[in-house]
Amino acid sequence: MEVKSRVLGSAAGRGLAAGAPGPELVGGGRAAGELGLKRGELARAVQLGMVRAGPCASGGAARFAWAELDRVKAGDGFPDTLRERVRTVGAAEASGLLAISPGRFTRLARCGRVSPVGYRINRYRAVVWLYLAAELAEFAAREPLLLRGSAPPEDRELVEARADLRPRRWRGRHVGLLLRRTADPWERAAVLASVLPEEELEQAAPDPVERILLAGLAPPPPYGHPQVPAAAAVALRLLRAEPPDELCWYRTSLEFALAGARGQSKTTGESGPT
């Protein structure tokens, strides 16, 4: 009964949160213009926690408080610093920034030395990974030896095994960013559940009512997730954990999160997200 009331409370709470925004809130287009960003750059800034979005409009579009925009604009070096922090590049431009060959950069990325921050699916349905330019500069300063000479033994083993850690690294980063944006235990559990295949989710959350709640609280696809079905099918595979040890980690984490969420519900008697 507790979880069922939670489902109903969640829906009601979201309905209230989706009401018409007050005059102190502006839409994404206006917010991007105020901050000197493109819409995609604003979405990246929100993803990375640099800009905090306010309550959504009735259609689900993000809204931003003037006070938040003023806070960001008061930052040192605005707007150039903000634009540089959200600037993303593909592999070709990344290799140029690091002054290394595209092949070496791809090897570093596949071995998990640099982590993607996003992706897009091109017209050939291939994944194009995106990296933060600022992080690449930090990596070059931190690990200059990896940019020159032979690959270390652990990297050579990964290359021989044809490993590709880019999807896993991106998922870990994406999940971490989502978890930092909420303290609600059920919403945190929903983030972890969103990367598990159906059979793994059923093992971690055997109660179908709980799974309905988790589905209702699931985060939306990341910015840039394609709408075209063929491309969306490719991107969907990136959202699901795959290696056995990764699956085990997310399943165990979800079980732990669910235990905490159930315990809080019994203690507080809450019927919706906090």
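No lab work stands behind these numbers, since they all come straight from the coordinates. Source: prediction; values computed, not measured. Heads up, the Cβs are rebuilt from the backbone with ideal geometry, glycines too, and the neighbour counts pull from every protein chain shown.
See the values below:
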quantity	calculated
The range 123-139 - phi-based ³J(HN,Hα) in whole Hz, Karplus 6.51/-1.76/1.60, Gly and Pro as x	5, 9, 6, 9, 7, 10, 7, 10, 10, 6, 4, 5, 5, 5, 5, 5, 4
Residue-span extension gain [ALA137 to ARG30] - 0.36 nm each, minus C-alpha spacing	35.4 nm
Under Karplus coefficients 6.51, -1.76 and 1.60, residue-wise ³J(HN,Hα) of the range 252-261 in Hz, glycine/proline x	5, 5, 5, 4, 5, 5, 5, 4, x, 5
Paramagnetic reach from ALA163 (point 7 Å along Cα→Cβ, amide N under 20 Å) across the range 101-117	103-117
Gyration tensor verdict on the chain (Cα atoms; rounded if a/c is under 1.5, prolate if a/b is larger than b/c, oblate otherwise)	oblate
Chain lengthening between ARG52 and ILE212 when straightened (0.36 nm per residue, less Cα-Cα)	54.8 nm
ARG180 versus ARG148: modelled label distance in nm, points set 7 Å from Cα along the beta carbon direction	3.3 nm
Most positive-pole-ward Cα, THR88, ALA53, ALA137, against dipole of the range 33-138 from beta carbon charges	THR88
Calculated from backbone phi, Karplus (6.51, -1.76, 1.60) coupling profile of the range 54-68 in Hz, x at Gly/Pro	x, x, 6, 6, 4, x, x, 6, 5, 10, 10, 7, 4, 4, 5
For the chain, calculated [θ]222 nm from helices alone, where every DSSP H run of n ≥ 4 adds -39500 (n - 2.57)	-17000 deg cm²/dmol
Relative contact order (%) - the range 157-241, alpha-carbon pairs under 8 angstrom, separation at least six	36 percent
Gain on full stretching of the segment that runs from ASP70 to GLN203 - 0.36 nm per residue minus C-alpha separation	43.2 nm
Mean Cα-pair separation over length for the range 66-167, i.e. relative contact order, pairs under 8 Å, 6 or more apart, %	31 percent
The range 89-167: C-alpha gyration tensor shape, a/c 1.5 cut-off, then a/b vs b/c	oblate
